[in-house]
1. Kindly evaluate residue 471 against the criterion of being open to solvent by 40 Å² or more (accessible area, probe 1.4 Å) and in contact (Cβ under 8 Å) with a residue 60 or more places away in the chain.
2. In the list 197, 214, 285, which residue meets the criterion of being closer than 26 Å to residue 9 by Cα and without any contact (Cβ under 8 Å) to a residue 12 or more places away in the chain?
3. Is it the case that residue 254 is assigned to a helix (DSSP H, G or I) and open to solvent by 40 Å² or more (accessible area, probe 1.4 Å)?
4. How many of the residues in region 40-70 are outside any helix (DSSP H, G or I) and open to solvent by 20 Å² or more (accessible area, probe 1.4 Å)?
5. Which condition does residue 131 not pass, out of (1) part of a helix (DSSP H, G or I); (2) of a type in the set (S, T, N, Q); (3) without any contact (Cβ under 8 Å) to a residue 24 or more places away in the chain, if it passes all the others?
6. Within region 395-416, is even one residue touching a helix residue (DSSP H, G or I) at 6+ places or on another chain (Cβ under 8 Å) and part of a loop (DSSP other than H, G, I, E, B)?
7. Using the structure shown, decide if residue 462 is touching a Cys at 6+ places or on another chain (Cβ under 6 Å) and among the polar types (S, T, N, Q).
8. Take the residues in region 271-312 that are of a type in the set (Gly, Ala, Ser) and over 22 Å from the mean Cα position of the chain (by Cα); name whichever of them is modelled with the highest pLDDT.
Amino acid sequence: MSEAVATIRRDLFRKDLFVLIVVVAVAAIAIVPGLGGDPLTISRSQSMGSIAVALVAACGLNLLAGYSGLVSLGQGAFVAIGAYVSAWMLLGVGLPWPLAMLSAVVVSAGAGAVLSLAAARLSGPQVAMITLAFAVMLHRLFVELETFGRLAGYPNVSNHETSLLEPIEVGGFVLEPPLFAGTAPLAMVLVGIIAVLSFLAYRNLAQSAWGRSLRALSTNEIVASHIGINPRRRKTAVFTVAAAFGGVAGTMQTQLQAHLQPESFTFTLSLSLIIMVILGGAGRLYGPVVGVLVLMTLEHSHAMASLVEFQQQNLSDTWFLSDEGLTGLLLILTLVFLPSGIVGGAQQLSHRLRARRENSSAELDEASAFEVDESIVKSAVRQEQVHVDLATRAEVMRLQDVTHSFAGLKAVDDMQLSLREGTIHALVGPNGAGKTTLVNLTTGVYPLQAGASCTILDADATGLAPHAIYQVGVARTFQTPQLFQGESALVNVMAGLDAKLGESFLATLLRLPGIRRKEAEGRDRAMELLRRLGIEEHANTPAGELPYGLQRSVELARALASDPKILILDEPAAGLNPSETYQLGTTLEAIAATGVAILLVEHDMSLVIRVADEVTCMERGARIYHGDAAGLQQDERVLTAYLGEGHVTIDSKGSSNA
């Protein structure tokens, strides 16, 4: 283990320990004062318990809606499942309390997995509608089912001769709920422990390779698949995890209330949870914490009731905003003035103030043309001076007989293409020639049609999905940078190697030492790539705030993070100034010198002719030229279809004047 990795690992451990201490301290401050059973503290204990329940449910929802971008209006339904199933397992089945609570979480997670089967193919409002329908349907079931007491609640005197569950016992201590004055509400201790463990598990997931994969899903499923993620499986996983968090929250509510009513689990609960997530900051680690505290404080401080009363007295006793209406107004104001939530807005403000102090805005404008590391320059110079004999280079990819049509229109017509180790193969042609379509066929975005074949590293890759092609050793970039805009450049680059770290879900959930080591190694690898590309100083800058040229560099670093054998670049020089384009060419030469085969789709002929070892030109989906860059500039078909008769010949790679 290198010294740099060891240092990063120690830093991660210290940060984890600090968070653990703070979370335990906050939980103790919230719970301990009410454990004496003083009548004056019962209400406070009930409020703290409600906040803990909402926090656990909101954390799970933030993984789903915030990190993954799958807006769910059904989280309250999973809270209901956890609550009712745990109560039924205790009273109806007679299971010991740990098994009853575990069973409830498993059932809730299973329901989430089943729901994900319907939602996995959908996105946006469609997911929201399916989860909303699920929440409404489940609420009606609890209202109508005799087993759960219908409107009488569970348990109830008619069916169970009691309206309260028996409190559970642990080591001779009876964990009474915070319901009766003079009785120590020891159930709060159990609720606090569960809340602490749940938050730590949520943090472990969010700040891991697994959490970064959710960011990729939110950005673009195609991007996610090209960094080794199976979108459908990951959607199912995050639905299941979010539902499990909801189930845990439900078991906590059962212990706090000892009696369940269907009215507690209406659609309003799901709506409140999504508002908490958005208000605090969807996709921000501490967003749910802030959102829950703000909204629950407003509700329990009677501020909402006071505002309603003020409207009735001073505006109208007929037309006024109720509690729900005021909550909706708060959400609208947040979306208008703080679209990234309270935490997101605070982070953006902090970054801008820091950037202003460091005058980084001016530096970014001046340094938009990145200066690559000296080692890359030396490698590129050596590569430029070597005449590549293609016959001596091993073939790493071959496309044969590729034809692809969209609604009868041939976008690719009987194309042949091969890549060789340590060479740069440029793919050029006019707009609409089919270049990007061919790239998408190569990387599995579109399936190869009958008769076509793809071989990668001597293995048949025909029919493989993009995430499987990534595992074979292929990485790519896109025509426009596809980055996680709100995340740092460092996090974006780390996402490129996460799928190859081999982090198991359980180890990630528990934050075992091996996970910390892999995170340290991944962070060190990402920083090294940023350093080699000359953008290390921007490692902690949100990708969305970087100039376009630096965003291109970050995307290239992400593609290189997986240590690919084949690198496919789709118009990487688009939008770059001449200085940036020259630095890009230097970088590509250095990458090829390491043995990586590069497929370069590009319009900038100065770059193509400078770096390409071989060139293929497409026109109307078909290949009209294949050879070196010098021959490309003399070919009549290429001049007519693409370069134009007035093209000025540029010295190509390997020429004496280059």
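The values are calculated or read from the model by the stated rules, or taken from the named source; none is laboratory data. The structure displayed is predicted, hence computed values, not measured ones. Glycine gets a Cβ as well: all are built from the backbone with ideal geometry, and neighbour counts include every protein chain shown. Note: accessible area is taken over every heavy atom of the protein model, side chains too, but ligands, DNA and RNA are not part of it. Shrake-Rupley method; radii C 1.70, N 1.55, O 1.52, S 1.80 Å.
1. yes
2. Working: 214 fails: without any contact (Cβ under 8 Å) to a residue 12 or more places away in the chain; 285 fails: without any contact (Cβ under 8 Å) to a residue 12 or more places away in the chain.
Criteria check complete, one pass: 197.
3. no
4. Applying the first criterion (outside any helix (DSSP H, G or I)) to region 40-70 yields 68-70.
This time we only want the ones that are open to solvent by 20 Å² or more (accessible area, probe 1.4 Å), so: 69.
Here the count works out to 1.
5. Answer for residue 131: the failing condition is (3).
6. no
7. Working: touching a Cys at 6+ places or on another chain (Cβ under 6 Å): yes; among the polar types (S, T, N, Q): yes.
Yes; evaluated as a whole, the condition is true for this residue.
8. Filtering region 271-312 for residues of a type in the set (Gly, Ala, Ser) gives 272, 280-283, 287, 291, 301, 303, 305-306.
Now restrict to residues that are over 22 Å from the mean Cα position of the chain (by Cα): 272, 301, 303, 305-306.
Details: 272: 93, 301: 76, 303: 79, 305: 82, 306: 85.
Only one residue fits best here, namely 272.
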